[in-house]
Amino acid sequence: MLSRVFRSAINDSRLLGILVPGAVVLATGSVVIGRAMIARRDAWLLGDWMIDYSAGFTRRGLIGEAIRQVAAALGIDRIVMTGVIIWLVFASVVFVVTALFLYQYRGFTTVLLLVSPAFLFFFLNVLGTMRKELLLFLLIGVVLLATKITRRGEWAWLLPVLFPVLVFAHEGLAFYGLFVLIIFFLLVSDGLLSQKQAMAQGSAMVFLTAFAGWVLIRLGDSAGIDQRICDNLVSEGYSTRLCGGAIAFLDRTTPEAIDRVAGLVATNNYLNTYAVAIALAAVPFIFVRFSRTALALLFMAAIVTAPLFVVAIDWGRWIAISVWMVTMITVRFDGTRHIRLQRLNPKTLMIDLLAIVGIVLYATLWSIPHCCEPRIGFGLIDRFADVLTILGRG
């Protein structure tokens with residue numbers, strides 16, 4: 001009798017496995033963003049979003065320029081506006097992902113996908129998140145959720161319209177375009193798009209993204225652009241410390257970037273560290289059955305991102321973006337002929353409890369380092385250390 005009561009409680013509370021992680025991540029991210037706004041000098045979190053066109057056209061400047069123009073027109077402090085926009089995008093991502101997972105709930109399997117340190121719990125890495133890939137997550141999440149709920153393929157037009165625009169926010173997002181094209185393929189399989197519609201939308205996205213890339217290659221680099229942007233920020237009364245992160249890297253050449261990556265690979269156990277991270281991130285997908293076509297396409301999409309690992313040291317970031325894309329696609333298209341989650345159905349209370357313990361341990365005892373680390377992170381242990389580091393910065 002007691003066993004049945006406990007098992008009933010577990011079954012009734014499984015939805016908390018979606019809502020609680022979402023709430024924890026939203027609270028943590030809100031603190032991180034709020035702390036950056038108050039300190040006013042985070043060169044990576046704020047700096048990434050504050051790159052603008054004040055010193056001329058440059059890569060990654062679209063969002064920052066929009067913020068600069070609107071803040072000036074409204075008389076709003078730019079850091080405050082930047083922080084509010086980051087929070088709104090981040091909160092929207094958490095909301096959309098939570099809704100998508102609740103809509104396609106499959107018990108323990110769904111929870112395991114959600115709380116992976118390469119998926120939602122990647123945001124608990126308070127020293128390496130809140131970058132512009134949030135915009136990609138939001139775009140993909142909205143399209144996947146809207147097509148799932150409404151059963152209307154028209155929502156897919158957001159992809160060719162907005163994905164090329166994201167390339168002007170960060171050119172690295174272009175390398176995830178094959179994941180987007182896979183969505184068109186799966187929407188055809190799901191009966192929401194005809195092959196003709198998918199070809200039109202996919203072709204438009206490829207053309208516009210290629211055009212955006214061409215513009216950035218031709219016009220997006222300018223020697224000394226980082227210093228000129230920094231000078232403009234300082235003239236407006238902002239701290240020079242905003243200039244030492246994402247803004248400073250605008251002036252790095254491709255050979256310099258490659259040399260930096262090569263140095264870390266040669267000395268910092270990089271290959272082994274991130275190979276283990278990829279293996280751990282793949283664990284939840286043991287419980288997913290992909291068709292051969294879907295598996296081949298997703299594998300190819302991941303391979304297409306390889307150039308990012310050659311020119312940028314943020315290997316954990318690039319891995320996490322791929323995991324986000326695969327996970328959202330998996331949850332959205334679960335139950336179609338190409339993707340099916342294997343639902344875990346424990347037969348006894350003991351197995352139920354062991355499954356819960358296993359998920360908690362998986363979610364909390366490891367983490368993907370954002371970059372530059374010679375080891376896999378220790379999950380919540382490292383997160384506490386990160387908090388102390390942030391507090392120690394004053």
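Please treat every number below as a calculation from the coordinates, not as lab data. Computed from a predicted model, the values in this text were never measured in an experiment. No Cβ is skipped: glycine too gets one built from the backbone with ideal geometry, and neighbour counts run over all protein chains shown.
The table for this structure:
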quantity	calculated
Shape of segment 256-298, Cα gyration tensor, a/c cut at 1.5	oblate
Using alpha-carbon coordinates, inclination of helix 133-150 to the longest axis of the chain, degrees	40 degrees
Unit charges on C-beta of K, R, D, E only; dipole of segment 106-203, Debye	200 debye
Most to least packed among 212-221, 246-255, 366-375 [average Cβ atoms within 10 Å]	366-375, 246-255, 212-221
Global geometry of segment 73-181, whether rounded, prolate or oblate, following the gyration tensor of its Cα atoms and the 1.5 cut on a/c	oblate
Helical contribution to [θ] at 222 nm, DSSP H n ≥ 4, -39,500 (n - 2.57), averaged over the chain, rounded to 500	-21000 deg cm²/dmol
Listed values [x] 265; [y] 148; [z] 156, entry calculated as volume of the Cα convex hull per residue in Å³	[y]
Tensor-based shape of segment 254-341 (alpha-carbon gyration tensor, a/c under 1.5 rounded, otherwise prolate or oblate)	prolate
Built amide H within the under 5 Å cut-off of R289, gap 5+	R340, L341, Q342
Highest-first arrangement of 269-280, 350-361, where packing means the average Cβ count within 10 Å	269-280, 350-361
Protection proxy ranking, peptides 185-196, 32-43, average beta carbon neighbours within 10 Å, highest first	32-43, 185-196
Unit charges at the beta carbon, dipole of the chain: most positive-side option, T209, L19, L181	L19
Rg in Å to one decimal, and Dmax rounded to a whole Å, for segment 190-306 via C-alpha atoms	21.1, 57
Pairwise centroid distance, computed over Cα atoms, of segment 214-239 with segment 122-181, Å	26 Å
For segment 35-108 and segment 335-380, distance of Cα centres in Å	29 Å
Net charge dipole size for the chain [Lys, Arg +1 and Asp, Glu -1 on Cβ; Debye, nearest 20]	1220 debye
